[in-house]
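The next block holds one structure in the form of structure tokens; read it before the comments.
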Amino acid sequence: MARYIRYRQDSSSRYGIVEGGIVCAIEGDLFGEHRETEVAGPLEGLQLLNPCQPSKVIAVGRNYKSHLGNRTHPRHPEIFYKPLTALQDPDSPIVIPRDATEVHYEGEMVVVIGKRLKQAAPEEALAAVFGVTCGNDVTERNWQYGEQRDVQWWRAKGSDTFAPAGPAIVTGLDPDNLLLETRLNGETVQRERTSDFIFDCATFLSWISGWVTLLPGDIVYTGTPGATRRLSPGDVVEVEVENVGVLRSPVV
């Protein structure tokens, strides 16, 4: 198991590997050949960024049994996009956009792709997972389903800051059996294992790759469990994935 972060150094970003609370910078391709270089310092002293730079952000909707309840399960994975501009760093704010009235958290485990996938079989797709991180698929419900709903979820799911991710990418974990917990102002509001998935990682990654080529560094939000609630300025949302860490986001 290895723990990778992306952090700001002066005006640029660097990747690092965390060992015992100390970060060593790495050079090369995070998803290929790379090596450790100088010690960057203690993890607590660094400004963390969202943990990779994907070519695209994809998300799986309606993927937890506990989220759907008695509603009919989808026949195949339901997929949508979030724009790159929605990505937000750990500890940086979720900004409620103008005219928004019903912004909700959606705590999720996020899969990070490590190998190119195109028309991949499920076994090949699962083997291409580099690691996992924490994510929050922030959503404006009125723009998604309400009277102000749009033809697509372009702003309901894709407004700026609506895709916090981090704090680290952790390798060597079973993405289909991790505990996910979301806390709102310290109260646990979501708690479920990813074994509650309707479609496991191999299935939805294989499905996506049948039409859209996944590239190293691409990230896939995997769905949210249970119910969600409205966010208000002053709230703090924390998404924790077992053995990964805590993604903290204040709301403004």
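The values are calculated or read from the model by the stated rules, or taken from the named source; none is laboratory data. Worth saying up front: this structure is predicted, and the values here are computed from it rather than measured. Every residue, glycine among them, receives a Cβ derived from its backbone with ideal geometry; neighbour counts consider all protein chains shown.
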Task: Hits in the stretch 19-38 - residues which are of a type outside the set (Gly, Ala, Ser) and either at positive phi or not assigned by TED's automatic domain parsing to the domain that holds Met1 (or both) - done: none
Open item on the list: Taking the conditions exactly as written (modelled with pLDDT of 95 or more, within 20 Å of Leu68 (Cβ to Cβ) and surrounded by fewer than 20 Cβ atoms within 10 Å (Cβ to Cβ)), does Arg183 satisfy them or not?
Closed with: no
Open item on the list: Which numbered condition in (1) among the polar types (S, T, N, Q); (2) in a loop (DSSP other than H, G, I, E, B); (3) under 17 Å from the mean Cα position of the chain (by Cα) is the only one that Thr72 fails?
Closed with: (3)
Task: Some residue of the stretch 174-194 being under 24 Å from Ser249 (Cβ atoms), in a loop (DSSP other than H, G, I, E, B) and among the polar types (S, T, N, Q) - done: yes
Open item on the list: For the stretch 149-169, give me the residue count where each residue is crowded, with 24+ Cβ neighbours inside 10 Å and β-branched (Val, Ile, Thr).
Closed with: 1
Open item on the list: under 20 Å from Val212 (Cβ atoms), among the small types (Gly, Ala, Ser) and surrounded by fewer than 20 Cβ atoms within 10 Å (Cβ to Cβ): is that true of Ser55 in this structure?
Closed with: yes
Open item on the list: On the basis of being farther than 24 Å from Val239 by Cα and either assigned by TED's automatic domain parsing to the domain that holds Ala227 or without any contact (Cβ under 8 Å) to a residue 40 or more places away in the chain (or both), does Glu78 make the cut?
Closed with: no
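Taking the condition in contact (Cβ under 8 Å) with a residue 24 or more places away in the chain, outside the structural domain of Gly114 (by TED's automatic domain parsing), small (Gly, Ala, Ser) and within 23 Å of Pro164 (Cα to Cα), does Ala2 pass?
Here the answer is yes, as Ala2 does meet what is asked.
When you look at Thr188, is it within 13 Å of the chain's Cα centre (by Cα), over 29 Å from Lys115 (Cβ atoms) and either modelled with pLDDT of 95 or more or assigned by TED's automatic domain parsing to the domain that holds Tyr64 (or both), yes or no?
Spelling it out, it is not the case that Thr188 is within 13 Å of the chain's Cα centre (by Cα), over 29 Å from Lys115 (Cβ atoms) and either modelled with pLDDT of 95 or more or assigned by TED's automatic domain parsing to the domain that holds Tyr64 (or both).
Would you pick out the residues in the stretch 57-92 that are aliphatic (A, V, I, L, M) and either within 26 Å of Val251 (Cα to Cα) or out of contact with any helix residue (DSSP H, G or I) (no Cβ under 8 Å at 6 or more places or on another chain) (or both)?
Listed by number, the residues that qualify are Val57, Ile58, Ala59, Val60, Leu68, Leu84, Ala86, Leu87.
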Task: Enumerated strands (runs of 3 or more DSSP E) restricted to the stretch 78-171, each holding at least 2 residues that are over 24 Å from Tyr15 (Cβ atoms), in contact with a strand residue (DSSP E or B) (Cβ under 7 Å, 6 or more places away or on another chain) and not hydroxyl-bearing (Ser, Thr, Tyr) - done: 78-82
TODO: Report whether or not Thr228 is outside the structural domain of Gly20 (by TED's automatic domain parsing) and either within 25 Å of Leu49 (Cβ to Cβ) or surrounded by fewer than 20 Cβ atoms within 10 Å (Cβ to Cβ) (or both).
DONE: no
